[in-house]
1. Too long at a 27 Å Cα-Cα cut-off: which of A:K54/B:K90; B:K88/B:K778; B:K210/B:K238; B:K178/B:K720?
2. Please give the charge dipole size of segment A:6-99, origin at the Cα centre, charges +1 on K and R Cβ atoms and -1 on D and E Cβ atoms. Round to the nearest 20 debye.
3. Can you tell me how segment B:18-155 classifies by the Cα gyration tensor, rounded, prolate or oblate, using a/c under 1.5 as the rounded cut?
4. What is the distance, in nm, between label points placed 7 Å from the Cα along the Cα-to-Cβ direction at B:R337 and at A:K59?
5. Pull out a ≥ b ≥ c, the square roots of the eigenvalues of the alpha-carbon gyration tensor of segment B:237-359, then state rounded if a/c is under 1.5, prolate if not and a/b is larger than b/c, and oblate in the remaining case.
6. Hey, if you put +1 on the Cβ of every Lys and Arg and -1 on every Asp and Glu Cβ in chain B, which of B:Y550, B:H339, B:V651 ends up farthest toward the positive end of that dipole?
7. Using a 10 Å cut-off around each Cβ of peptide B:66-75, what is the average number of partner chain Cβ atoms that fall inside?
8. So what are the ³J(HN,Hα) numbers for segment B:627-641, from phi and the Karplus equation (6.51, -1.76, 1.60; θ = phi - 60°), rounded to whole Hz, Gly and Pro as x?
Amino acid sequence: MKELTKIEEILLVAIWRLDEQAYGVKIRQHVSGVLGKEFTYGNLYSALHQLTAKKYVVKTLGESVPSRRGRRRIFYSVSPGGLEALQNARDMNDKLWTGISRFAFDREKI
Amino acid sequence: MKNDTPHPPKFAGWLLRLAARGEDDFAVLGDFDEEYAELAGTRGKVRAAAWYWRHCLRSFPVLVGDFIYWRVIMFINYLKVAFRNIRKQKGYAFINIAGWAVGMTVCTLILLWVQDELSFDRFHQNADRICRLTLDARIGTPQSAPVAPTPAGPALVREYPEILKAARMERPRRAVVKFEDKEFQEEGVGVTENSFFEIFSFPFLAGDPKTALTRPYTAVITESTAKKIFGTASPLGKFLQMDDGKEYAVTGVLKDVPRNSHVTFNVLRSFETLVAENRAATENWFSISTYAYLLLSEKTDPKALEAKLPPFVDKNMGQTLKAVGGTMTLRLQPLERIHLYSNFSLDIAPQGDIATVLLFSGIALLVLLIASINFINLSTARSSTRAKEVGLRKTLGAVRRRLVGQFLGESVIYSLLAMVLAVLLHFPGLRLFGHVIGRAMDTNVFKVPWMLPALLGLALFVGLAAGGYPALLLSSFQPVRVLKGQLKSGGGVWFRRILVVTQFTVSVLLIISTLVISRQISYAKNKKLGFDKEHVLVVPRISAAMRQSYASVRNELKNIPGVLDVGASSMVPGRGISRSVFFPEAFSQEEPQVMDILAVEPGFIPTLGIQIAAGRNFSEAMGTDRNEAVIINETAARRFGWTEPIGKRFVFRPGPGQTGETIYLTVIGMIRDYHTISLHQKIEPQLVRYNPDSLNMISLRLAADNVSRTLDLLKQAWRKLDPQGALDYFFLDEAFDSQYRAEERMETITLDFSLLAVLIGCLGLFGMSSFTVERRTKEIGIRKVLGSSVAGIVRLLSKETVLLIIVANAIAWPVAYYLMNIWLQRFAYRTTISPWVFAAAALLSILTAFLTVSFQSVRAALSKPADALRYE
């Protein structure tokens, strides 16, 4: 299995965390918070399309809300394949950082 | 929906809608609106608008890129499915793609050729201002020719200010050119004036275009000739010996003449040479054999100018014309019309014909129509067998748009594959086609800028049309009905029948034409001509010295073993004819009679095997034969009403203003009619004189065996007789039969096209019949269970097709009869259109169609009924 890209990883985690509330607006706001800068819808949907094609997420059509002018939401949820990929990413991250102190790169302390 | 929902900026919204076109477009737009509304509520409209704009602009490129990316992915997916389908149904895919590819190839070839024909002479800078002088003359019989009196060109420039330049040219012919001790056979040795290069755009590679041909005994040669004769050395200033024995200085090298020029040449001698040698001849208004090109000033209307020419002719030639009771009109033929619109029997080079261009364009359209309809039809027929697949896909949740895309994509891909195949096929096709039309085709689709886009457009259009119908029809099916098998595709049956009839009408028409044309050609080649054309070798030009010493030349040649007889004449059959007016006795001065004239010596008539019907041949022993005797042919005797022609006389009175006595020529013999020209022309009255000064050609009758040895001996002997020139010769039968080259070409063309039409028709039939058989599998099974024989089932399945072919024959016969009768009119002597031609065409078409169809139906009929009934 191919490794997830960083942005895919962030998105999958966001979707998993948001659970019932994982649709465009919430995902974008969440990811923006994580990144510490504005994440655009263009990048969001481009990445979501990739995740959908790789079958890491599944889409369900939601209801319409007045503030959306009658347009329905698409809710995303992480598929079993997606969960597995996340698990792998987590393992890899752990391995990658094992034994490295949180302050290892903190130059001022030295 | 509440009314107080704030509206995001309009233009930004429009931009966003433009960019978000992927499948989740509504979600993107909804998210934008939702977040905007939220922001507008918490932080005010202005900030919300700013946010909206910022995000919109930043998302725009990514959204567009994303959309394009997925489109490409989707297209690749369609491609995959289409290729999978092609692999799954190889036979059908092959028939469909091959048929359409062949159709497109043929159409491409013809269009390339038409484009080539239309491009003739357009490369000259002044193309629209160049005219050629032609004349309509009536001296006895009416005649038209693309030549003009030799002095006419310069005289016109002097008298008409709107004519800027004139150039005279002698017809380029084959000649031997010598450099030092090497001899070269050169095609296209012509004569012209220096102004030729000011009128036309034939660029110089070396030499001065302003002075190249201004002096006598100078010549200009083309690049390839220069390379052939001089290799890499510079030809300028070198001397070439032409077949008149004179040395010519090379003063220029031209780029090779483009193939799409109506006149081609390799060597041009200066016209000044002719002036220097015989000024009087170039100033004789009745020496009418040079071609004259004129350059008109801007905005001169050739028609208006032409109307001003009669006084010019009257001033220079009126008196003499009046004396012989003739008229002559000079005409101006625009350069761009020479190649396609002139139809003179003796043009400067063989030209094309707009009728052929139109005919071919018509055929191209027809082939294209048949092939494209075939393609559409087959795709449609085939797709209805896929109704079930569509039903299944729909129940599994396929969106209609996807299905339409799938079908359209598939047929477009088929069509594009056919196009690629056609482009590949057209390269060998060009060679074949060039062979058919008798001239090399050095163009291809990549050299004509509009050709590839046109082909692509055509392939896309037909692909869309072929996929469009099934795509829209099938995708609209209700899955339940389709899966239950309630779909009938009855429509289009009549359409298919009409298609088959059309295709086979064309095929039968072409088959009949081919047969008639080939019968006429073999008739023309085998008809008794009144002389024996086999084993006659002709030397078409002899030097003045040989003419002087003809008697000894003749003896020398006759002594060669294998040479049976030798004769000389001014012309041989099939090589053109000169005509003049004569006054047979008892005809008044107002009734001049036009006759073919031929000068011979006594050996010619027996050498060619021309029969003497009455009287005697000329004789060397009779001194009076040279000046006072003539021989006529049977047609002449009939025309003049002479039952006893021997002893009748022709009268020559001096014209008005001329002095001299009245001369009488007495008929001493009558020869049987023989064909002096091809069978296109009627035999005309002929007058043969014994005139040693006009002998140009020597004919040798050879023994039938060991011709090559005789030829070797002849070449050796010739070297002794004429140390200056090499032996230039042709065989009379080949030369005579070459007059039917146009017809032979026509035969090849109709043959090729009829094969093609039958092929495409059969491909269509084959596909259609396999489709029918497939649809009727169950019916066939039941019939067999109920006791039908194999033959019975084959009959059932083939009956309709055979009926359609019979209808096609019924339509094609009268049309073919009518057209072929018109075509045969070009021959004065022609074969009849015999009934077996029609029978053969009918048999051939029915047989091929039947075989095509029965290939499928026999297979169906032989299959086990149980398999057929179980096929679901």
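Every number in this text was worked out from the coordinates using simple rules, so none of it is lab data. Computed from a predicted structure; not experimentally measured. Cβ sites come from the backbone with ideal geometry, for glycine too, and all protein chains shown count toward neighbours.
1. Working: A:K54/B:K90 33 Å; B:K88/B:K778 22 Å; B:K210/B:K238 19 Å; B:K178/B:K720 17 Å.
Going by Cα-Cα distance, A:K54/B:K90 fall outside the 27 Å limit.
2. It works out to roughly 460 debye.
3. Details: a/c = 6.96, a/b = 2.22, b/c = 3.13.
Cα axes put segment B:18-155 in the oblate bin.
4. It is 6.8 nm.
5. Working: a/c = 1.95, a/b = 1.16, b/c = 1.68.
In terms of gyration-tensor shape, oblate.
6. B:H339
7. Values: counts 8, 3, 0, 3, 4, 0, 0, 2, 0, 0.
The per-residue average across the peptide is 2.
8. Working through the residues one at a time gives 10, 10, 10, 9, 10, 10, 9, 5, 4, 4, 4, 4, 4, 8, x Hz.
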